[in-house]
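The values are calculated or read from the model by the stated rules, or taken from the named source; none is laboratory data. Note that the structure is predicted; figures quoted are calculated from it, not measured. Here the Cβ positions follow ideal geometry from the backbone for every residue, glycine too, while neighbour counts run over all protein chains shown.
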Amino acid sequence: MTEGRPWLTFLGKALVILTLGVLFLFPLYWILTMAFKPQDEWSPVGHVYWKPSQWTLDNFRQIFGTAKNTGFFTAAPTDATSSILHSVVAATGGTILAMLVGVFAAYGIARYRAGGSFLPFQILQLRMFPPIAIVIPLLIMYSYLHLVDTFWGLILIYGAVTFPFVVWLMRSFFQEVPREISEAAIVDGCSQWGAFFKAVLPQVRGGLAATALFVFILNWSDFLLALVLSGSNTETAPVFLNGLQSAGAGQEYGPQAALGLILIIPPAVFGLAIQRYLVRGLTFGAIKQ
Amino acid sequence: MASIRLENVTKRFGAVTALSGVTVEINDGEFFAVLGHPGAGKTTLLRTIVGLERPEEGDVYVDGERITDVYPGDRDIAIMFQNLALYPDKSVYDNLAFPLKQAKVAKQEIDRRVNEVAGTLHIERLLKRKPGKLSGGERQRVALGRAIVRDPRALLLDEPLSALDALLRLEMRAELKRLQRELGRTVVYVTHDQVEAMSMSDRIAVLREGALQQIDVPENIYNRPANRFVAIVVGSPPMNFVPVRAHWAGASLELRHDLFSTTVADAASLQGLLADGAACQLGVRPEDVHVTAEPGIPASVYVTEPLGGETVVDLDVGGRLVKALVDPRLELVEGGTVQLQLDGSRLHLFDESGGSLLSAAGDPLFAVSVP
Amino acid sequence: MGRSEAAVGQAVITPGQLLLLFVIAFPAVVAIYISFTGWTPDSGEPWYDAYKFWLWFGNYWEALSGSPFWAAIWRTVVVTVLAVGFEFLIGFGLALLLLKQFRGRSLLTVVFLLPMMVVPAVAGFIFYMLFQTDGPVNAALTFLLDDILNLTGPIHVGWLTNPSIALYSVTVVDIWQWTPLMFLILLSGLVALPDDQMNAARILGASWFHQLRYLVLPMMKPIILIAVIIRAMETLKLFDSAWLLTQGGPGDASSTMSIYLYRTTFIDARWGYASAVAILVLIMVSILAMRAIRPIEAASQETIEELATAEPKDAEIPIEQALDAEALSR
Amino acid sequence: MAKIRIDSLTKEFPGGVVAVKELDLDVPHGSFVALLGPSGCGKTTTMNMISGLEQQTSGEIFFDDEPITRVPPGRRNVGFVFQNYAIFTHMTVYNNIAFGLKVRKEGRSKADRHAEVQRIAEIVGLSGSLDRKAGRLSVNDMQKVALGRSMIVKPAIFLLDEPFSNLDAAFRAYMRTELKRIQHEMGQTMVYVTHDQVEAMSMADRIAVMNLGELQQYGSPDEIYNRPANRFVAGFVGSTQMNFLPAALAPSLAAEGLTNGVTLGIRPEALELVPPDDPRAHLRATVGLVEPLGAKDVVHLDADDQPVRVVSAPGRRPHVGDAVGIACDPGRVLRFDDETDMAI
């Protein structure tokens, strides 16, 4: 773009990109190293260990409950294995529900304009409400229906809260399949369902996978809904992390960082896998990269 | 095989009327072209015949049987969409086999029919490939194959050649015609390219904004256009129109222009249609405007466009531009004046609203004289 | 059996409509009912007998006239405006810098994507560690300002403990986590800008600044609008990272609307009042959502490429006008 | 106006693809030169190098004998009309046309600029739609905007990249006439890229036929049509494709009887159908398909399985399968050497 002295502008640009890079990466560096620091290097007063002097896996042993010495000074349980499993179950269940309901609704809206032109907005509006605003009546309803602290409860709310993303994302994928493909299938003898399953769905396999991964990341990352609706036997990992945070007299940085790191890995891996669709996902299919 | 009849078919999309009162009879085994500009309703016509659109009024008949409410899959009519609509995820073989699978045809019978169609269309070696890996011409043949594999009683083609480049289009035109003759199926062929319609069809229907302008054999569409629109749509460069005034002297009619006048032989048939002194337009195709040595209609050369085989000349005739098609070896100087002769046996007469009054079409009905 | 378009269309959206009903309709009814009462779970009465504690508009009046409600709204607005503002500036700057293809670009883009992938609660925890009084942030600032530039003594800012700074610490976390999304959206917008129009402008003599002012910004308007609206809508809901960072503290210095609602419900246990506040919030958000949805819907119909080469709407029939002899004879 | 001299211009893309190979071309002052060739022959790349949008690998371009490699596109005073118009769709027609003046530092007053825009709008026929959004125009009007926008800055050289290929037939003919008239009146040096030989033949004073990055022939339309330098040019130009027949098939047409290693090139218009036993027939064939095109027919024939195309008047239409003789004026037969494809 600029026609000025090329090497100076290049240097300027490189400097800015470098500083921003450090600023954005340092927090991740910090949690990564903290997870491998021994207890005395977590947060000694007046000194900061920029990197662990000796790397240790104790924090992870602590998190997975296989720690030999339980000499940690906090009484709070630090075995997070079950909460991680709960997160997997709740996130996967919620994703499956959201996909099942969302994909069909998206096709209905994209192909048949079903539910009128206002339905997509109702669904989008759902995503715009702060979850906390519906949590109170939800908690009342859940206790009335005995869904509190049950996996069905979590799966139902996770499915409902991420179903708008599925509808809007899949709608944008379905809109890319030329209408003639389903019409060709119909002329070739298929029913409307046949045209959908045999001709249209195969064209959006990529979109289906990306949407499922995207919705899994959203469900995996939830904290508030689980905090309110889950109890001791469905507590998810983020809620467990919060538990360690507030309960610990001294700060259990090591184990918390280890658990935090474990929590980051799935979204990071899935996120990079569907990097192409991220913009599209987070803008409800409005912007295609 | 099938004859197709549309009776007073009207189709509206909200405020837009795509087809208004279309009545057309397509004979059995005919290669029938529908010609018109983009947005004239051609595709809607095809979609109504195959059942993807339901007309608000009117009916569709095949072999006399009313099929307006029949489900597209049960009409035994195949359609080839303009964007071909091949199934991108399936191989060529599966694309061709798809319709037969839906009809629950036995496995080896599907195999036989698919290979047979692949043979007629020379796409045997492509069967394993995916549509994405094919060239334009190959994709076009596969789409055609999928349409004819079920041996439908009628075949609808929506501008099938528009995506191909010039050379391939020429080739595919000849092959499409040969295939139609071989299969003997009724074909309804939609195009906006008048050369394609003229060169391939047994009959042409010209459509404008959902209304039928004329249905006739190519020669009549070219030589006896029903109105100004049809005259312009067919033939390139398009027909010229010269304003003239009608003067009746008893039974003979004279068309006066300030540079020349034309007498019409037996004008009895025009008696009621053309009032004395009424303005009307003389239609003359560029190839019927001849630059001659002897005195004729004076005109000045505005610009010449040598095309190699012939030259298109824009001539200023009394302030109006008229295009003529002349022999390239003719030496024409821009700005120079020339004498023109209008071929009396090739002229057309249109009334003010553009409706056709008279077309010579080879008979010497007009006599052009210069005062 | 599954042939009529209308029937199949309705069938496929029914489950979705049921889910909508379950998550919006029923809770809304319960919330409205409770919001007119002083009922709490430990009041010994089941929720459907909440009418025993009927207050009419007491809760609404208390919220609307009370300062904590408006204070929470103000804090949320401050966080949203600051966060979205900085995210846009840094994101757009970064997108412009990385627009030109160069060797490390795709790697750099990945690096800038990572923060967005972090579970918000974990992001809160990370910055909780960073912002400790003798944590790495203060240590780095001391190193920079004290040791190198020796402008100040050692830095011991109470990022999480100083009531006048806590809210801005919460904002920093949101900026760190979501600038990458803004960067990605704006980059995809810039990349989709039609090169031929940029080239045409350059040939006509337009400088870099002219191209930005007359071409880039006007054409990017729809995308910028969407990015800002979606980020604003998400930031209004901020809870996870802020809760892990400060739990709304010190006091309620960094308590966003969601935190305020959570605390009144689960700490002060004032469910009726909290329901009223929730209803007020839902009303405000849906008004905002109405305005916000239009650009999103418009854009999802036409992405930026289609906008740039929009099919001309009124394709006139050129033949008659163009060949009308009068137009030609000059 | 300026003249262009291109001196052994070469453009090699990073992948090793050579788009343009040692091109030498002189575009005289005020002339209208067409770069003609199939897609991918390097004509658009050449255009981009003249305008400065692309840098050449080697060779030099001179405007009025001044090398311009260092001059950025914005300061070469070049007008460029793109194939897909590249008009600013989000601006009004007025702002599109005025853009060139707005960004150039020439100290024009607002009133001056307004008058200038009105004048240009009048010339290209857009005075009625100045305040309409350019994105909403019809294809034809978009093309007019692209033309007007470039003309207003009075460029020394006007470059057009297949400007009319997206227009419909009738309007294309009209715009060709208009462009030629504007070029005539303003004596503008124009370089016009097209793959449509009809456009090149009808508009250009001189045509440079290119193929695979190399210049095949540079001459007047008449030279290109009647004295093609090689088989590619002969085959590429002409409304109905030229016939290429092995000389052995019609020895009487081959010069001095040498028939091995020679191919005859005859235009379909130069051939005439005659009865099979007519003495003038140089070869016999059977009629295949007849393509009626209204003003003329193209008859596809088969002479011992060599395809032959003959253009004939619509009147006397032969039937499929008839045996006929093909007569031709030997003067209009071209001969090409089989190895070099060059004309003999």
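Those residues that are farther than 18 Å from residue D:313 by Cα and in contact with a strand residue (DSSP E or B) (Cβ under 6 Å, 6 or more places away or on another chain), I need them from the stretch B:302-318; list them, please. Within the stretch B:302-318, B:302, B:303, B:304, B:305, B:313, B:314, B:315, B:316, B:317 qualify.
Condition first: assigned to a loop (DSSP other than H, G, I, E, B), facing another protein chain (nearest Cβ under 7 Å) and touching a helix residue (DSSP H, G or I) at 6+ places or on another chain (Cβ under 9 Å). Now tell me which residues in the stretch C:118-134 satisfy that. Within the stretch C:118-134, C:118, C:119, C:132 meet the criteria. Against the criterion of being buried (at least 18 other Cβ atoms within 10 Å of the Cβ) and in a helix (DSSP H, G or I), residue C:115 qualifies. None of B:185, B:203 is farther than 18 Å from residue B:226 by Cβ, basic (Lys, Arg) and touching a strand residue (DSSP E or B) at 6+ places or on another chain (Cβ under 7 Å) except B:185.
Here residue B:280 clears all of (1) part of a strand (DSSP E or B); (2) touching a helix residue (DSSP H, G or I) at 6+ places or on another chain (Cβ under 8 Å) except the condition numbered (2).
Filtered by the rule that a residue be at pLDDT below 85 and under 30 Å from residue A:171 (Cβ atoms), the stretch A:50-104 gives no residues. Within the stretch B:274-329, the set of residues being among the aliphatic types (A, V, I, L, M), away from every other protein chain (no Cβ under 13 Å) and farther than 18 Å from residue B:348 by Cα comprises B:291, B:293. Across the stretch C:195-207, a minimum of one residue is classified as assigned to a helix (DSSP H, G or I), within 12 Å of chain D (Cβ to nearest Cβ), more than 14 Å from the chain's Cα centre (by Cα) and of a type in the set (Gly, Ala, Ser). Can you find even one residue in the stretch B:59-78 that is assigned to a strand (DSSP E or B) and within 20 Å of residue B:141 (Cα to Cα)? The answer is yes, given that some residue of the stretch B:59-78 is assigned to a strand (DSSP E or B) and within 20 Å of residue B:141 (Cα to Cα). Among the conditions (1) under 23 Å from residue C:5 (Cα atoms); (2) within 10 Å of another protein chain (Cβ to nearest Cβ), the only one that residue B:88 does not satisfy is (1).
The residues of the stretch D:73-104 that are at pLDDT 90 or above and among the β-branched types (Val, Ile, Thr), listed by number, are D:78, D:81, D:87, D:89, D:92, D:93, D:97.
Of all residues in the stretch A:176-189, none satisfies being assigned to a helix (DSSP H, G or I), touching a residue at least 40 places away in the same chain (Cβ under 8 Å), over 18 Å from the mean Cα position of the chain (by Cα) and within 16 Å of residue C:239 (Cβ to Cβ).
When the stretch B:22-40 is limited to residues that are in contact with an Asp or Glu (Cβ under 7 Å, 6 or more places away or on another chain) and not in a strand (DSSP E or B), the one that is farthest from residue B:207 (Cα to Cα) turns out to be B:30.
Summed over the stretch D:142-161, residues that are facing chain C (nearest Cβ under 8 Å) and either touching a Ser or Thr at 6+ places or on another chain (Cβ under 7 Å) or farther than 19 Å from residue D:103 by Cα (or both) total 1. Only one of the numbered conditions (1) at pLDDT below 90; (2) part of a helix (DSSP H, G or I); (3) more than 9 Å from chain C (Cβ to nearest Cβ) is violated by residue A:219, and that is (1). Within the stretch B:333-371, being hydroxyl-bearing (Ser, Thr, Tyr) and surrounded by fewer than 19 Cβ atoms within 10 Å (Cβ to Cβ) holds for B:337, B:345, B:353, B:356, B:369.
Annotation for the stretch B:121-138: at least one member residue is free of Cβ contacts under 8 Å to residues at least 60 places away in the same chain, assigned to a helix (DSSP H, G or I), assigned by TED's automatic domain parsing to the domain that holds residue B:35 and hydrophobic (A, V, I, L, M, F, W, C).
Each row is one residue, and each column tells you yes or no for (1) small (Gly, Ala, Ser); (2) in contact (Cβ under 8 Å) with a residue 40 or more places away in the chain; (3) not in a strand (DSSP E or B).
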{"site": "B:160", "(1), (2), (3)": "no, yes, yes"}
{"site": "B:164", "(1), (2), (3)": "no, no, yes"}
{"site": "B:169", "(1), (2), (3)": "no, no, yes"}
{"site": "B:172", "(1), (2), (3)": "no, no, yes"}
{"site": "B:175", "(1), (2), (3)": "no, no, yes"}
{"site": "B:188", "(1), (2), (3)": "no, yes, no"}
{"site": "B:245", "(1), (2), (3)": "no, no, no"}
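Looking at the structure I just gave you, is residue C:187 facing another protein chain (nearest Cβ under 9 Å) and either modelled with pLDDT under 90 or touching a Cys at 6+ places or on another chain (Cβ under 7 Å) (or both)? When the stated conditions are applied, residue C:187 passes them.
Taking the conditions exactly as written (assigned to a helix (DSSP H, G or I), surrounded by 19 or more Cβ atoms within 10 Å (Cβ to Cβ) and out of contact with any Leu (no Cβ under 9 Å at 6 or more places or on another chain)), does residue D:176 satisfy them or not? Yes, satisfied.
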